[in-house]
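Student: The structure that follows is given in the form of structure tokens.
None of the figures in this text is laboratory data; all of them are computed from the coordinates on show. Quick caveat: nothing in here was measured; it's all calculated off a predicted structure. FYI the Cβ positions are ideal-geometry reconstructions off the backbone, even for glycines, and counts take in every protein chain you see.
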Amino acid sequence: MENEIIGICGNGSLAELELIGNDPNFVFVNDVNFPTLVLFNDQGSVINVNSWIECANYVNGGWFDGIYDLINAEKYVFFASITFLIVYKMTTRFKKKTTGHEIH
Amino acid sequence: MKYTNIYKVFFGLLLVFIPWSITEAIYETPYPAQEIVSESVGFYQTNTCRYSVAEIFQVNKVNPGIEILPDLSSKIECFGKINGVDKAGEIIKVYVGTNPNIDFILQSSFWLLMLSFVPKSKKYSQKYPTSFSIFIMTSLLFLHLSSEDKFYLSFSEGFDVSLSFNNYLLLSLLIVIPMVLTVFSDLIETRFYNLINFFPFIFLFSGTYNSLNLNFFLIIIAFIGIIAMQEGFYSKVFTLTYFVFSIIHLVNFETSNTYFDVDKLKGFINSSQNKSSLLFWIIIIYFFINGLLYVFKESKKNIDLQIIKMNLLISAGVIVVIGIASSVYNYFNYLSYYYLGLNKLGMKSFDSIEGNTWRGISPSAEAAGEYFAIVILFWIVINKLQLHKITKPEIILVIINLYGLYRSNNFAATVSLVIITVVFFLNNSNLKRQLKTSIYIVGVIALTAVFNYNNDYSYNFASKTLLHQGISASIISESLPGNEYGLNAAENSNFGQILLLQDSDIKLSSSLKYSLREFNENGNIKFLPDKVATWSVISVPINRSEKWGIFLAKYNPSVREALFGYGPQQLSNYYLGHPTKYNDGLVLPHSSLLDFIIFYGLVGVAVLLLFLTVISIKYKKKSIFAYPFFFILINFIKSDSILYLSSFVLAVLVFNLYDYKTIETDSSTYD
């Protein structure tokens, strides 16, 4: 998890993160030097985080930084391939029927 | 340049650059890519799957301290991104994410694009639709994926081949076959008869997929093989013989839960030891050979020796140039590996390695040397036969080829090239028969003298070396008693005593045991040298005694397996079936003849040799066939070239040149 936090949020004090773990009233303060990051959870919810500690807290809670993790990429590859195949077949058949041209 | 070619070049550039340039568009990367040095290794280890190759290139344009390698275990979304960095001594290894699904599509697309550059010939019309052939090939891919799952599981934990509509990993792989073959069918419709003239480029574009144990040319030629069968083309004798062998292989096959690390043989060897994977290789190799024969038969009237000659020279020249470029520039090394479909990454250094060899982008220096030499041989034979004037580009390309041959340090290929060339010119000269005979006799005496001068081994030593090497490679018990000098029977090459030892003392393979018995117990037939001793004596000067000794130590077949082999492309039984000191790392037999014995046994070799003897005697006067034929025959005895698809294709085509009708101006005879 430590690597994931550093990977997504950058370097910071992990000890700080443990401190807020038991405090339900902790308020995150915006860090103007921290570029806003967009995090996602497995339900597809989106959140903007504005400080390292806020980012680390959410990543620690299972949020991640790319919607990639929600995507079944193979599914997209499969449907893209099917689409290509159908379009290609239709185009070449149409081309052959109308002009008699072969494929270049 | 034609407009279509401009489009193709543009599309090719997109295929080469776009996949490695996709950046994270979804959010702002908090930290830009850094120069890859020891201090930033930790940064890249925590920031995996974030920076594309293009991004790190911008800050590491010239960084000789990095080595770029593919990371096969990557997810699709991490394709083309830096997925790991490790420090290994002075070098930092940078792993780029790759994935079987994307590799299959991307590499196939690139090679199809390359095929589209083959000039058009007359139209090839098929009687039957290709859908049946495509269905067969897709089924074969499923058989391959399910039977060789250990290969894929070795780098992809989630690899699953269960047939389900939700298993998109499998479906997205299977759909590539219809895609590729549909486009391929359209491409060859107008290029089929020209394919043969451009076959030399198979040595440049090896066609091995990065993360699949498959080869692009294996797929498309096997596909042609199926079409050929539909068209009614197949050799009855070959089919029947192959069928009988296949039944024997399948019935007697011993399944084992082993995984054979294919390494540089990727794409043309079975990685598993089960009946399903054997069935896949039996079927695909049959269709592959049938496809090759069909292409040759159908297009032999269109063979243009001048085009083939130039394509041989160009492909070999480009191989040398790319080999040099990829050894000096790490990004080029990676891209050439990926887009040429190399069996393994090209050499990263311009320096020679063990044995003073330099293989460039080829999987083996030996195979590379053979190719450079046969290219020069073809160039000489074709130019002489067709009375062709040598052009300046040809001279430049021949010089590049000679440089490649020199760097490969393939002594056997160089010597056989020189001898065969001399014989060719003598046979084509106007010298009198008696003078020619005298030159041959003097030549043989001179060669024998040089050979003896360079080899000061006694016959007694040379005749035992092979067996000694075999015993040294076998596992010997440490408790084996020694003689008064502390040397045990194995170290002392006391073959009689070794044969009396128990299996717990020394693990002798059946082939080594048989050879020891033959050498030790069976008396010599008068005036005939002992066959094991002869084999050993031959192996010493050609530097094969160690490799062939290891072969004897490892090769442990039953009588049936010795006669009929383990099956096509089936090395795992040989490799892992018997424990020796060489069960790790890819130690190959270093002889295509021995490879063939492993695959098809002694009966298979006998059938092949019978066929080759008949055609070599019958067509010995056909120069375009005879000289390359003998060159391949000589060189394949001491190299594993038959295990590489490109060399296999070359051998099949050369062996079929006997059937090629050319206008030869020579009147060569073998006196």
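Student: Just grab the label-to-label distance for A:Asn72 and B:Asp456, each label 7 Å out from Cα along the Cβ direction, in nm (one decimal).
Tutor: Taking the two extended label points, one gets 7.4 nm.
Student: Further question on the same structure: By how many nm would the segment from B:Lys513 to B:Phe165 grow when fully extended, if each residue of separation counts as 0.36 nm and the alpha-carbon distance is taken off?
Tutor: Details: separation 348, 0.36 × 348 = 125.28 nm, distance 5.35 nm.
Result: 119.9 nm gained on full extension.
Student: State the answer as a single residue: which of B:Ser326, B:Pro178, B:Val118 lies farthest towards the positive end of the charge dipole of the protein assembly as shown, with beta carbon charges of +1 for Lys and Arg and -1 for Asp and Glu, about the Cα centre.
Tutor: After comparing all options, I get B:Val118.
Student: Sequence-distant or interchain residues sharing an amide H contact under 5 Å with B:Cys49, placed H: which?
Tutor: The answer is B:Ile82, B:Asn83, B:Gly84.
Student: Once R0 is set to 41 Å, what does the formula 1/(1 + (r/R0)^6) return for the Cβ-Cβ distance between A:Lys89 and B:Phe233, expressed as a FRET efficiency to the nearest 0.05?
Tutor: Using R0 = 41 Å, I get an efficiency of 0.95.
Student: While we're on this one: Take the Cβ-Cβ distance between B:Thr391 and B:Val62 as r, set R0 to 22 Å, and report the resulting FRET efficiency rounded to the nearest 0.05. Present the calculation step by step, with values, prior to reporting the outcome.
Tutor: Values: r = 37 Å, r/R0 = 1.70.
With a Förster radius of 22 Å, E is 0.05.
Student: All other residues with a Cβ under 10 Å from the Cβ of B:Lys300 taken together, and with Lys, Arg as +1 and Asp, Glu as -1, what is their net charge?
Tutor: On the way: positive: B:Lys297, B:Lys301, B:Lys661; negative: B:Glu298, B:Asp659.
Net of charged neighbours comes to +1.
Student: If you don't mind, there's one more thing I want to ask. Enter the mean number of other protein chain beta carbons within 10 Å of the beta carbon of each residue in B:64-76, as an integer. It would help to have the intermediate numbers written out before the result.
Tutor: Values: counts 0, 0, 0, 0, 0, 0, 0, 0, 0, 0, 0, 5, 7.
Mean shielding by partner chains, rounded to a whole number: 1.
Student: Hey, another quick one. Find how much the distance from B:Leu608 to B:Leu499 grows on full extension, using 0.36 nm per residue of separation minus their present alpha carbon separation; answer in nm with one decimal. Please list the in-between numbers first.
Tutor: On the way: separation 109, 0.36 × 109 = 39.24 nm, distance 3.30 nm.
Residue separation times 0.36 nm, minus the Cα-Cα distance, leaves 35.9 nm.
Student: Sum up the charges of everything whose Cβ sits under 13 Å from the Cβ of B:Glu370, counting Lys and Arg as +1 and Asp and Glu as -1, but leave B:Glu370 out. List each step's numbers first, then the result.
Tutor: On the way: positive: B:Arg359, B:Lys638; negative: B:Glu366, B:Asp640.
Counting the neighbours of B:Glu370, the net charge comes to 0.
Student: Follow-up question, since we're still on this one. For the charge dipole of chain B, defined by +1 on Lys and Arg C-beta atoms and -1 on Asp and Glu C-beta atoms about the Cα centroid, which residue among B:Thr190, B:Phe564, B:Phe104 has the Cα displaced farthest towards the positive pole?
Tutor: Projecting each Cα onto the dipole axis, the largest value belongs to B:Thr190.
Student: Would you mind computing, in nm to one decimal, how far apart the modelled labels at B:Ile441 and B:Asn583 are, each placed 7 Å from Cα along Cα→Cβ?
Tutor: Simple spin-label model gives 5.7 nm for this pair.
Student: Shifting gears a bit: Suppose every Lys and Arg Cβ carries +1 and every Asp and Glu Cβ carries -1, with no other charges. What dipole size does the stretch B:57-204 come out with about its Cα centre, to the nearest 20 debye? If you can, show how the numbers build up before the last one.
Tutor: Numbers: 11 positive and 12 negative charges, 142 e Å.
Here the size comes out at about 680 debye.
Student: Determine, from the Cβ-Cβ distance of B:Ile91 and A:Asp31 and an R0 of 35 Å, the FRET efficiency 1/(1 + (r/R0)^6), rounded to the nearest 0.05.
Tutor: Details: r = 38 Å, r/R0 = 1.09.
Efficiency, from the Cβ-Cβ distance: 0.35.
Student: Considering the options A:Val27, B:Tyr44, B:Leu13, tell which one lies farthest towards the positive end of the dipole of the protein assembly as shown, charges being +1 on Lys and Arg and -1 on Asp and Glu at the Cβ, about the Cα centre.
Tutor: Going by the Cα projections, it comes out as B:Leu13.
Student: Dipole of the stretch B:70-123, Cα-centred, from +1 at each Lys and Arg C-beta and -1 at each Asp and Glu C-beta, to the nearest 20 debye?
Tutor: Values: 7 positive and 5 negative charges, 99 e Å.
Approximately 480 debye in magnitude.
Student: Could you pull out every residue, at least 5 positions away or on a different chain, whose amide H is within less than 5 Å of the one on B:Ile92? Hs are placed 1.01 Å off N in the peptide plane, and Pro or chain starts have none.
Tutor: B:Ile66, B:Glu67
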